[in-house]
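For reference, the structure discussed in these notes is given below.
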Amino acid sequence: MKWTQARRAQKMNPSVIREILKVTEKPGIISFAGGLPSPQTFPVSAFAAACETVLQGDAHAALQYAASEGFATLRELVAAMLPWAVDPAQVLITTGSQQGLDLIAKVLIDEGSRVLVETPTYLGALQAFTPMEPDIVSVASDGDGVDLADLAAKAAGARFFYVLPNFQNPTGRTMTEARRAALSAEAARLGLPLVEDNPYGDLWFDTPPPLPLTARNPEGCIYLGSFSKVLAPGLRLGFMVAPLSIFPKLLQAKQAADLHSPGFNQRLVAEVMKDGFLDRHVPTIRALYKSQRDAMLAAMTREMPEGVEWNTPAGGMFLWARLPEGMNASELLPRAVERNVAFVPGWAFYADQPDARTLRLSFVTSSVAQINTGIAALAAAIRDTNKAASNHENTAHEAAPV
């Protein structure tokens, strides 16, 4: 029997990160590759108590099919926690914020549609958008955020601009207040919708990030959030806040995808959240992640050879690094794995014109001791790779005819 695949299926690609994670299953590997929250942050006892409460008080409803929009109490809690006026009718509970990206792709992208993304951008968004066969265009970005001149030059006809202003995956950068204000004004002037993805915004270390883009122009933005980074990713719960003009179509796409997100899980989260638990719990995550970030920065300063560059993220889970000229992160990776350390080569996060010298390091799932050991091993792998390249260059030079 021959199965004929849809053209869009040919556009689907495996996650580079998921493939690398298979390598990290090797015993003894220190992995800076995955974008996984630390299991130490999972509030197990709070969920154990919430399970008992939900099952004792509302078991039949919790275990039954549920409304596609989401559990009403949870939608109200989401609306109340956001820093602008949100009608709960605008809140759609999704099966992880990744599903939000998939629903947006189905509703807003046609074959050949122009979609704008940052440089670099979240790999999962590229995976969600690509099967719809858009023309994905990278907008130049720097440490402060998007380059507005480049955005204006590329915005004509674009369906939306996908942007992660807070502690971005993969770079860890945060868009400044000045750049946010300018971007919001420029997008409104251009008539360009924004899709704002904010899974990491609560994970700030010293100072909260500036006001979301959506708060500045709610009718021109779709906002995505997640419970994975502040509670637990195994719940597979996220949310979307959308203008009422587009909400019904997103809801229809949700119904076609999975009818509704798990009702039991939604009730658990609502039960946990109802008494201000997140206000007490999230600061403990921030403190842990800040200590791990500081450990990685100190190790990088201590161990890395000359020519390696990296940033200092103000929150989130990732540090972005760049290798010396002439090096390639993909070629470095197997040498690093030989030394029992793994990372994600940065090329995977570019829609086009990837920078082969970049790499993403996650600091949140490793202990300080593992960070110290892993960064030392990575630095040694970089020196080995540089030495091997230099020897090859010298050999080639000596063998060249005079």
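A simple spin-label model places the labels of Arg189 and Ala6 3.9 nm from each other, with each point 7 Å out along Cα-to-Cβ.
Treating the beta-carbon of each Lys and Arg as +1 and of each Asp and Glu as -1, no other charges, what is the dipole magnitude of the chain about its Cα centre, to the nearest 20 debye?
Numbers: 35 positive and 40 negative charges, 120 e Å.
With Lys and Arg at +1 and Asp and Glu at -1, about 580 debye.
How much of the DSSP beta bridge set in the chain is antiparallel, as a percent to the nearest 5?
Numbers: 20 of 38 bridges.
In the chain, approximately 55 percent of DSSP beta bridges are antiparallel ones.
What separates the Cα centres of the stretch 93-160 and the stretch 169-184 is a distance of 16 Å.
When shorter helices are ignored and each DSSP H run of at least 4 residues is given -39500 (n - 2.57), the per-residue value for the chain at 222 nm works out to -14000 deg cm²/dmol.
In the context of the full set of protein chains, residues of the stretch 66-112 present 38 Å² of accessible surface per residue (probe radius 1.4 Å, heavy atoms only).
Between the stretch 217-257 and the stretch 308-375, the C-alpha centres lie 30 angstrom from each other. Taken along the Cα-to-beta-carbon direction at a fixed 7 Å, the label points for Thr53 and Leu244 span 3.1 nm. Charge dipole of the stretch 145-287 (Cα centre as origin; +1 on each Lys and Arg Cβ, -1 on each Asp and Glu Cβ, all else neutral): 220 debye, rounded to the nearest 20. Residues whose amide H lies under 5 Å from that of Arg114, counting only those 5 or more places away or on a different chain, are Asp135, Arg159; hydrogens are built 1.01 Å from N in the peptide plane.
Between Glu133 and Lys26, 0.36 nm times their residue separation minus their Cα-Cα distance comes to what?
Details: separation 107, 0.36 × 107 = 38.52 nm, distance 3.61 nm.
Residue separation times 0.36 nm, minus the Cα-Cα distance, leaves 34.9 nm.
Counting every C-alpha pair in the stretch 195-285, the share spaced more than 17 angstrom apart comes to 60%. Projected label points at Ala369 and Ala153, each 7 Å from Cα along the beta carbon direction, are separated by 5.2 nanometres. Under 20 Å from a point 7 Å along the Cα-to-Cβ line of Ala178: which residues of the stretch 133-152 have their amide N that close? Only 140-152 fall inside the zone, counting backbone N under 20 Å. Per residue, the stretch 219-293 exposes 37 Å² of accessible surface when a 1.4 Å probe is rolled over the protein heavy atoms with every protein chain present.
Between the amide H of Ile222 and those of Leu194, Val195, Glu196, distances stay under 5 Å, these residues lying 5 or more places away or on another chain, with hydrogens modeled in the peptide plane. Ligands, DNA and RNA left out, the 1.4 Å accessible surface of the stretch 75-212 is 52% carbon and sulfur atoms.
Take every Cα pair under 8 Å in the chain that's 6+ residues apart, average their separations, divide by the length, and report that relative contact order as a whole percent. Mind showing how you got there, number by number?
Details: 708 pairs, mean separation 89.6, N = 402.
Result for the chain is 22 percent.
Please go through the residue pairs Lys26/Lys254; Lys26/Lys387; Lys22/Lys229 and name each one whose alpha carbons sit more than 28 Å apart in this structure.
Beyond 28 Å between Cα atoms: Lys26/Lys254.
Beta-bridge orientation, the stretch 114-163: approximately 20 percent antiparallel, per DSSP, counting only bridges with both partners inside. Straight-distance candidates among the lysines for linking to Lys154, with alpha-carbon spacing under 28 Å and chain neighbours fewer than 8 residues away dropped: Lys11, Lys106, Lys249.
Multiply the residue gap between Glu325 and Leu259 by 0.36 nm, knock off their C-alpha separation, and tell me the result in nm, one decimal place. List each step's numbers first, then the result.
Numbers: separation 66, 0.36 × 66 = 23.76 nm, distance 5.02 nm.
Gain on stretching Glu325 to Leu259: 18.7 nm.
Applying 1/(1 + (r/R0)^6) with r as the Cβ-Cβ distance of Ala287 and Ala80 and R0 = 25 angstrom yields a FRET efficiency of 0.50.
The residue among Pro208, Leu192, Thr53 whose Cα reaches farthest toward the positive pole of the charge dipole of the chain, with charges on the beta-carbon of Lys, Arg, Asp and Glu, is Thr53. Electrostatic tally near Ser367: other residues with Cβ closer than 14 Å to its Cβ, Lys and Arg +1, Asp and Glu -1, net 0.
The values are calculated or read from the model by the stated rules, or taken from the named source; none is laboratory data. Keep in mind that this is a model prediction, so the values were computed, not measured. Cβ coordinates were reconstructed from backbone atoms using ideal geometry, including for glycine residues, and neighbour counts include every protein chain displayed. Remember, those area values only see protein heavy atoms, side chains included, never the ligands or the DNA or RNA. Shrake-Rupley method; radii C 1.70, N 1.55, O 1.52, S 1.80 Å.
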